[in-house]
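The values are calculated or read from the model by the stated rules, or taken from the named source; none is laboratory data. Everything numeric here is computed off the predicted structure, so don't read it as measured data. Positions of Cβ are generated from backbone atoms using ideal geometry, with glycine treated the same way; all protein chains shown enter the neighbour counts. All accessible areas refer to the heavy atoms of the entire protein, side chains included, with ligands and DNA or RNA removed. Shrake-Rupley method; radii C 1.70, N 1.55, O 1.52, S 1.80 Å.
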Protein chains: 2
Amino acid sequence: MTDSAIPPRVLLGPGPSTVEPRVLAAMSRPLIGHLDPEFLRIMDDTQAMLRQVLCTDNRMTFAISGTGSAGMEASIVNLVEPGDRVVVVVGGVFGQRLAEQARRNGAEVITVEGEWGCIVDPDAVASAIAGGDTRVVAVVHAETSTGVLQPLDQIIAAAHAQDALVIVDAVTSVGGHPVQLDAWEVDVCYSGTQKCLSCPPGLAPISFNERALERIKERSTPVRSWYLDVGLLEGYWGQDRAYHHTAPISMAFALQEALRIVCEEGLEARYLRHRRHHLALVAGVEAMGLQMQVADPGHRLWSLNAIRVPEGVDEARVRRHLLMRYGIEIGGGLGPLAGQIWRIGLMGSSSTENNVLLVLGALEAALVEQDRPAPPGAGVAAAIAALNVTPEETSGDKSP
Amino acid sequence: MTDSAIPPRVLLGPGPSTVEPRVLAAMSRPLIGHLDPEFLRIMDDTQAMLRQVLCTDNRMTFAISGTGSAGMEASIVNLVEPGDRVVVVVGGVFGQRLAEQARRNGAEVITVEGEWGCIVDPDAVASAIAGGDTRVVAVVHAETSTGVLQPLDQIIAAAHAQDALVIVDAVTSVGGHPVQLDAWEVDVCYSGTQKCLSCPPGLAPISFNERALERIKERSTPVRSWYLDVGLLEGYWGQDRAYHHTAPISMAFALQEALRIVCEEGLEARYLRHRRHHLALVAGVEAMGLQMQVADPGHRLWSLNAIRVPEGVDEARVRRHLLMRYGIEIGGGLGPLAGQIWRIGLMGSSSTENNVLLVLGALEAALVEQDRPAPPGAGVAAAIAALNVTPEETSGDKSP
């Protein structure tokens, strides 16, 4: 195939999101070495901005050289030792993945399950934590497979009451929803670059607080992964600048530029933008007679909108229609929700007025194409009304 | 810092090497989704080219979403089970790293050591393999820390005589030296993108043959890493195209383009080019009165040239002079060779006549700067003579 065969896409799936030309340009700069003094300065700058975005002073705030799932694995392999009692909050695919990774690390895993599309009951999690000598609690803040925002405060308090450490998966919330590591007393948090930070996938921002680093130092067994061992990574990201592995230079250029964009917009403005476009999309979806998977509006992610597929509609055909006709990518369901939902991401630079109107229009067209029409124009009209209720306030909303 | 503060560099260290503008341009294309039909086509194309470059028909030939060291870890975690007897050939840092990773996976590790700068004695390795129920043998083909090319045939034969599987680290040889997985009967081989393939770092090409996949299927314990589990990765890279993790899209664009350049040049022409410039550099270095770390010319890597630092010369000051004055990056020594050697990489697009002449000239200047002059002009003159002995034959040598 030739390069010209790569079609333009409107990225409204569960990630990657739209990457700004500034970030693409930064990424394509000629390379420098991973121990070059100039590169070390870029690392410093990136760490400083990551701390700002994660609202933390944690020294060990950096990027794992892998995607978000590598960030998850880095959290687990460093914190968990064989035999540890680990409580995992499972409300979707990424909670399941945390449990699976903890099991592979030899943990005694206690899962606390919830209905997919609801939050997991914090009381049930607290009971599970108190039910034994819990060492680690792992919880997904923004469950990308269901669109649920899980409240964390009660879970973190219950964990710390037992001297258990808390790992938070914030892959789909960082940069789109408030995530405040220090104020919330999160011990380890990881994210991905390709969601609300609007950077290409390939790095996983991660942060360990001193309590977590202390726990890791006291391990009685070595960390099973050499590549993800935070003690070794500290040698490179810390003052020593010792060679560990070759950092993905171009991805680091991209992340620095993407974080600059986040900091220029400002976190508050960015959260408001995500919320505004989410609310408009929901208004449109509901006006079309469709249902959100997450019933409680307060538990819905602003960055990832899960919509129930109406009875009799071929969900994959709708996605294909959106992709082939309009070049719009949205996601399908995962696991038990496969075939049941569409997942529309409004993440980072993809969260724009234009994209809300576009995807509602295209969804309407896709339903017409299946002879399952929604009330004509109702979705777009409702979205416009919702957008007018919360008028554009920030300069951060750059429609494409 | 501003973007303009990133200075141009001539990349002659142990990687990253020079990345062609074509590859940078491909990398900076707007993103598409990791399950987009167009992206799946790019994956197919990349796998086909990787098979070509690795001289293999192995179905499971793909790229790990991490750097070369993640490729190493993927080989170990999939092939090694706790308690397995694993023989590791150690002639430098990367052999040590293989041993360390195998230990962390619970293996009973037998190392066969060699002097740094010499090959490890294949007879000694064969004896170690025969000394017990060896399950896996791991060996570095191109030891980046010493500049040694390790002969593999006898080691592979000894391993297979015992039904042990062979992991080959070809990070610094793939694309610069012949690497023929099928003809040599290598079971698992991994590489990096930022060496002789001249792609930015961030992916690790890897290949498993059927014997290796069979062994993995028969494991009695789960692979300890979820992120690197080849059984799960098969679901994404194979026919199912099942979601595992989000592939680093932009890096995949870059790798595809970098592999196209390799295939356009042709493997034979590319190897000859690497050999030619290596020989010219060695001629220059020796004419300057310097010594190669690897005494036997037949055991020297063409892609990575380790040069002894003469007595009384401050090696770090030379590297700083090259970087600050000429913008040239070369590497220092690692481990016991720290302070003892310089490492000059002539990898992929960095392996050019121009770079040979330039680095010899700059090295001469750096020695003058320390009042330790080499015979004036002798290095460059010898390199020119060597280059004229093996005249330019291919169009693949694109000087910058």
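Summary of computed values
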{"item": "The protein assembly as shown, helix-only ellipticity at 222 nm - DSSP H runs n ≥ 4, -39,500 (n - 2.57), divided by all residues, nearest 500", "result": "-13000 deg cm²/dmol"}
{"item": "Other copies of B:Ser220: label-to-label distances in nm, shortest first, labels 7 Å along the beta-carbon direction", "result": "2.5"}
{"item": "Accessible carbon and sulfur surface of the stretch A:267-389 relative to its total accessible area, %, 1.4 Å", "result": "53"}
{"item": "Accessible area that becomes buried as B packs against A, both chains, 1.4 Å probe, Å², nearest 100", "result": "5200"}
{"item": "Drop in accessible area of at least 30 Å² in the complex versus isolated chain, residues of the stretch A:29-49, 1.4 Å probe", "result": "A:Arg29, A:Leu31, A:Ile32, A:Gly33, A:Asp36, A:Pro37, A:Glu38"}
{"item": "Value of D in µm² per second that Stokes-Einstein yields for the protein assembly as shown, Kirkwood Rh from Cα pairs, at 4 °C (1.567 mPa s)", "result": "48"}
{"item": "Centre separation in Å (Cα based) which lies between the stretch A:206-227 and the stretch A:1-77", "result": "23"}
{"item": "Shielded residues, the stretch A:9-25 - accessible-area loss of 10 Å² or more between chain alone and all protein chains, probe 1.4 Å", "result": "A:Arg9, A:Leu11, A:Gly15, A:Pro16, A:Val19, A:Leu24"}
{"item": "Using a 7 Å Cα-to-Cβ projection, A:Arg372 label spacings across copies, nm, ascending", "result": "7.6"}
{"item": "Cα shape, the stretch B:293-352, gyration tensor, a/c 1.5 rule", "result": "oblate"}
{"item": "At least 40 Å² of accessible area lost relative to the chain alone, listed for the stretch B:248-268 with a 1.4 Å probe", "result": "B:Arg260"}
{"item": "Whether chain B is rounded, prolate or oblate, judged on the alpha carbon gyration tensor where a/c under 1.5 counts as rounded", "result": "oblate"}
{"item": "Square roots of 5 times each gyration tensor eigenvalue, C-alpha, the stretch B:267-389, largest first, Å", "result": "21, 16, 14"}
{"item": "Euclidean distance of C-alpha centroids, the stretch A:343-360 and the stretch B:263-300, integer Å", "result": "54"}
{"item": "Accessible area expressed per residue, the protein assembly as shown, with surrounding protein chains retained (probe 1.4 Å, Å²)", "result": "33"}
{"item": "Antiparallel bridges, percent of DSSP beta bridges restricted to the protein assembly as shown (to nearest 5)", "result": "45"}
{"item": "Position A:Asn354, label points 7 Å along Cα→Cβ, spacing to each other copy in nm (shortest first, one decimal)", "result": "3.9"}
{"item": "Per-selection Kirkwood Rh - the stretch A:31-263 (Cα, Å, 1 d.p.)", "result": "17.5"}
{"item": "The stretch B:130-283 shape via C-alpha gyration tensor axes, a/c threshold 1.5", "result": "oblate"}
{"item": "FRET efficiency for B:Gln291 and A:Asp45, using Cβ-Cβ distance with R0 set to 45 Å, rounded to 0.05", "result": "0.65"}
